[in-house]
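Working notes for the structure below.
The values are calculated or read from the model by the stated rules, or taken from the named source; none is laboratory data. Remember, predicted model here, so these are calculated numbers, not experimental data. So basically every Cβ, Gly included, is an ideal-geometry build from the backbone, and we count neighbours across all protein chains shown. All accessible areas refer to the heavy atoms of the entire protein, side chains included, with ligands and DNA or RNA removed. Shrake-Rupley method; radii C 1.70, N 1.55, O 1.52, S 1.80 Å.
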Amino acid sequence: MRFHIIIAAVFWCGFVDSRKIRGISSSYKRFYRERKSFLCIDGSKIIPFEQVNDDYCDCEDGSDEPGTSACPRGRFYCTNLGFRPHYIPSSRVNDGICDCCDASDEYNSHAHCQNTCWNLGQRERAYVEGQMRTLDEGLRVKQQLIEEGVLLWREKQAQLRELQQVAEDLQIKLEEHRRKKHEADRLKEQTLKALEAGDSGLRHQNSTVNSVFQLLDSNKDGSITVDELQAKVALIHDEERVLSEDEAVALLGGGHQIDLTKFQHTLWDTLTKGDGVKIKDTHGAPDSLVGEDPHLMAADRAANWEATNLKKVEEAYDTVNMEISDLRKKLAIDYGPDWEFLFLNGQCYKLKVYEYTYTLCPFNQVTQKNTAGTEVSLGKWGMWVGTPKNQYSQMVYENGEPCWQGGSRSATVTLTCGTETALRSVKEPSKCQYIMDFQTPVACQPVLKQRGIHSEL
């Protein structure tokens, strides 16, 4: 009976002593089973086991003094039951400051440490649970935004196809209106030439006779004089030369002036034949003749009407092409693998920090406005600059307004998981270089949920 008691006592003593070694984690306890000798964990030395935790450093790696402050490279393990375990430098053991929440580091000091691990664990568990709820809700909203993003992407693609069809139709209309305008301009020019040269179709029209008479009667006194004739009429084969007085008198029927009646039987006949003289400045004639001749007035109205229609179609065509260009630029942006970030395009988010109001318009720009209303660009949309594991975790906005120290302003936006989409913080760690925290459900990642479930509590 005594033999069995002795054997049991020896076994129990070795087991208990190994558990009493302070400052070691459960994974390291196998190195501290009581034996006659102790092998430093780095294998550098073998010492008697009774020298473990004797407050004297024997091993270079400090493994023989896990529970004292003797070794400069030593580590003390805080078990912290109910909270997170962690290591502290062994120099902090019994230094009068409570480092472990279970107070295990101050077992031989004047400090009166309380075990706060349970309360800390409760708080951390509540925080983790809150984060998990936020993640769950964020992922739920993200799924909705993904579905909306897919629909919105399809709508944008359909809109692009419709605009392209409208552009094709307008192109056809544009060519048609250009042809009509060309014909109207040609008809106006023909009418004008016929009027000036005395076309046979207009020769006997009293309104045409009157129009030419009014053109030559510069002072509108009801008669054409030698001076007026010399100013407005020239020889066909020598247009630059001014008519002599005798030539002018001859054209006026032998007198120095004629009225409308005499004009019709003298000078008008000469002009309509078109073999001797012509009216000068044919390019300036339309404005004078349009107001008088009904044929030319009609041709002018038709030309103006076609010009107006052409301009309207050209403006519509240009507008549609601009919309197509803008839409193509928007669709060329990387909105994530499921287009989950598409809903941010066209939205803006504001945050007031002291005297400044910051505005983030995703995929567009970032601005800063002071209380005086002066707005400064902090950068235009650049690209995604996240980590290889999550490239959609950061945005960069570049080429903002110049900074007084040189260079241009820029902003880096970090996206974090949240149940709502909002700009949460703005900082300027270095001059004209801004960092922003932008919270949105589409930044939530399922991998975070998996990590959150794993706990050392």
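Sort out which residues of the stretch 112-124 are in a loop (DSSP other than H, G, I, E, B) and surrounded by fewer than 14 Cβ atoms within 10 Å (Cβ to Cβ), and write them in order of number. Show your work before the answer.
The first filter runs over the stretch 112-124 and keeps only residues in a loop (DSSP other than H, G, I, E, B), leaving 112-116.
Those that are in a loop (DSSP other than H, G, I, E, B) and surrounded by fewer than 14 Cβ atoms within 10 Å (Cβ to Cβ): His112, Gln114.
Mind listing whichever residues of the stretch 404-424 are open to solvent by 20 Å² or more (accessible area, probe 1.4 Å) and free of Cβ contacts under 8 Å to residues at least 40 places away in the same chain?
Selection gives Trp404, Gln405, Gly406, Gly407, Ser408, Arg409, Ser410, Thr412, Thr414, Thr416, Glu420.
Step by step: first the residues of the stretch 153-163, then only those that are out of contact with any Phe, Trp or Tyr (no Cβ under 7 Å at 6 or more places or on another chain) and surrounded by 14 or more Cβ atoms within 10 Å (Cβ to Cβ), then the one that is farthest from Gln445 (Cα to Cα). Which residue is that? Outline the logic, then answer.
Our first condition is that a residue be out of contact with any Phe, Trp or Tyr (no Cβ under 7 Å at 6 or more places or on another chain); within the stretch 153-163, this holds for 154-163.
Filter once more, keeping what is surrounded by 14 or more Cβ atoms within 10 Å (Cβ to Cβ): 156, 159-160, 163.
Working: Lys156: 26, Gln159: 31, Leu160: 32, Leu163: 36 Å.
The extreme case among them is Leu163.
Could you please let me know if Phe3 is modelled with pLDDT of 90 or more and among the aromatic types (Phe, Trp, Tyr)? Before the answer, list the steps.
Values: modelled with pLDDT of 90 or more: no; among the aromatic types (Phe, Trp, Tyr): yes.
Taking the combined requirement at face value, the residue does not satisfy it.
Every residue in the stretch 91-111 that is closer than 20 Å to Ile24 by Cα, of a type outside the set (Gly, Ala, Ser) and part of a loop (DSSP other than H, G, I, E, B), please.
Hits for the stretch 91-111 are Val93, Asn94, Asp95, Ile97, Cys98, Asp99, Cys100, Cys101, Asp102, Tyr107, Asn108.
Please go through (1) open to solvent by less than 60 Å² (accessible area, probe 1.4 Å); (2) modelled with pLDDT under 90 for Gly82 and return the number of the only condition it doesn't satisfy.
(2)
Being surrounded by 16 or more Cβ atoms within 10 Å (Cβ to Cβ), touching a strand residue (DSSP E or B) at 6+ places or on another chain (Cβ under 9 Å) and farther than 27 Å from Pro337 by Cα, is that true of even one residue in the stretch 442-450?
So far as the stretch 442-450 goes, no, none of its residues is surrounded by 16 or more Cβ atoms within 10 Å (Cβ to Cβ), touching a strand residue (DSSP E or B) at 6+ places or on another chain (Cβ under 9 Å) and farther than 27 Å from Pro337 by Cα.
Being modelled with pLDDT of 80 or more, aliphatic (A, V, I, L, M) and assigned by the TED database to the domain that holds Thr270: is that true of Leu163 here? Spell out the reasoning first.
Values: modelled with pLDDT of 80 or more: yes; aliphatic (A, V, I, L, M): yes; assigned by the TED database to the domain that holds Thr270: no.
Here the answer is no, as Leu163 does not meet what is asked.
Out of Asp246, Asp227, report the one residue that is in a helix (DSSP H, G or I), of a type outside the set (Val, Ile, Thr), loosely packed, with under 13 Cβ neighbours inside 10 Å and out of contact with any Lys or Arg (no Cβ under 7 Å at 6 or more places or on another chain). Explain how you work it out, then say what you get.
Working: Asp227 fails: loosely packed, with under 13 Cβ neighbours inside 10 Å.
Of Asp246, Asp227, the one residue that is in a helix (DSSP H, G or I), of a type outside the set (Val, Ile, Thr), loosely packed, with under 13 Cβ neighbours inside 10 Å and out of contact with any Lys or Arg (no Cβ under 7 Å at 6 or more places or on another chain) is Asp246.
Determine if the stretch 259-279 includes at least one residue that is over 26 Å from Ala298 (Cα atoms), among the acidic types (Asp, Glu) and at pLDDT below 85.
Looking through the stretch 259-279, at least one residue is over 26 Å from Ala298 (Cα atoms), among the acidic types (Asp, Glu) and at pLDDT below 85.
Looking at Pro286, is it surrounded by fewer than 16 Cβ atoms within 10 Å (Cβ to Cβ) and at pLDDT below 90? Explain how you work it out, then say what you get.
Details: surrounded by fewer than 16 Cβ atoms within 10 Å (Cβ to Cβ): no; at pLDDT below 90: yes.
Criteria not met by Pro286.
Could you say whether any residue in the stretch 325-335 is on the phi > 0 side of the Ramachandran plot and either open to solvent by 70 Å² or more (accessible area, probe 1.4 Å) or modelled with pLDDT of 95 or more (or both)? Reasoning before the result, please.
Filtering the stretch 325-335 down to residues on the phi > 0 side of the Ramachandran plot leaves none.
So far as the stretch 325-335 goes, no, none of its residues is on the phi > 0 side of the Ramachandran plot and either open to solvent by 70 Å² or more (accessible area, probe 1.4 Å) or modelled with pLDDT of 95 or more (or both).
Would it be correct to say that Met297 is open to solvent by 70 Å² or more (accessible area, probe 1.4 Å) and aliphatic (A, V, I, L, M)? Before the answer, list the steps.
On the way: open to solvent by 70 Å² or more (accessible area, probe 1.4 Å): no; aliphatic (A, V, I, L, M): yes.
Against the criterion (open to solvent by 70 Å² or more (accessible area, probe 1.4 Å) and aliphatic (A, V, I, L, M)), Met297 does not qualify.
Need pairs with beta-carbon distance below 8 Å; first residue in contact (Cβ under 8 Å) with a residue 12 or more places away in the chain and within the stretch 171-182, second β-branched (Val, Ile, Thr) and in a helix (DSSP H, G or I); sequence gap 6+ or separate chains.
Going by the 8 Å Cβ cut-off, the qualifying pairs are Lys173/Val313; Leu174/Val313; His177/Val313.
When the stretch 409-428 is examined, which residues are found to be assigned to a strand (DSSP E or B) and out of contact with any Asp or Glu (no Cβ under 7 Å at 6 or more places or on another chain)? So that I can check it myself, show each step before the final result.
Initially, the stretch 409-428 is screened for residues assigned to a strand (DSSP E or B), giving 410-417, 422-428.
Selection gives Ala411, Thr412, Val413, Leu415, Cys417, Ala422, Leu423, Val426, Lys427, Glu428.
Filter the stretch 188-224 down to residues that are more than 18 Å from Thr266 (Cα to Cα) and surrounded by fewer than 17 Cβ atoms within 10 Å (Cβ to Cβ) and give me whichever is modelled with the highest pLDDT. Let's see the steps before the verdict.
Going through the stretch 188-224, the residues more than 18 Å from Thr266 (Cα to Cα) turn out to be 188-194, 201, 218-221.
Pick out the ones that are also surrounded by fewer than 17 Cβ atoms within 10 Å (Cβ to Cβ) and you get 189-190, 193, 201, 218-221.
Details: Glu189: 84, Gln190: 80, Lys193: 76, Gly201: 42, Ser218: 84, Asn219: 87, Lys220: 85, Asp221: 90.
Here the residue is Asp221.
Name the one entry in Val150, Val128, Val166 that is open to solvent by 60 Å² or more (accessible area, probe 1.4 Å), under 38 Å from the mean Cα position of the chain (by Cα) and aliphatic (A, V, I, L, M). Before the answer, list the steps.
Working: Val150 fails: open to solvent by 60 Å² or more (accessible area, probe 1.4 Å); Val128 fails: open to solvent by 60 Å² or more (accessible area, probe 1.4 Å).
After ruling out the rest, the residue left standing is Val166.
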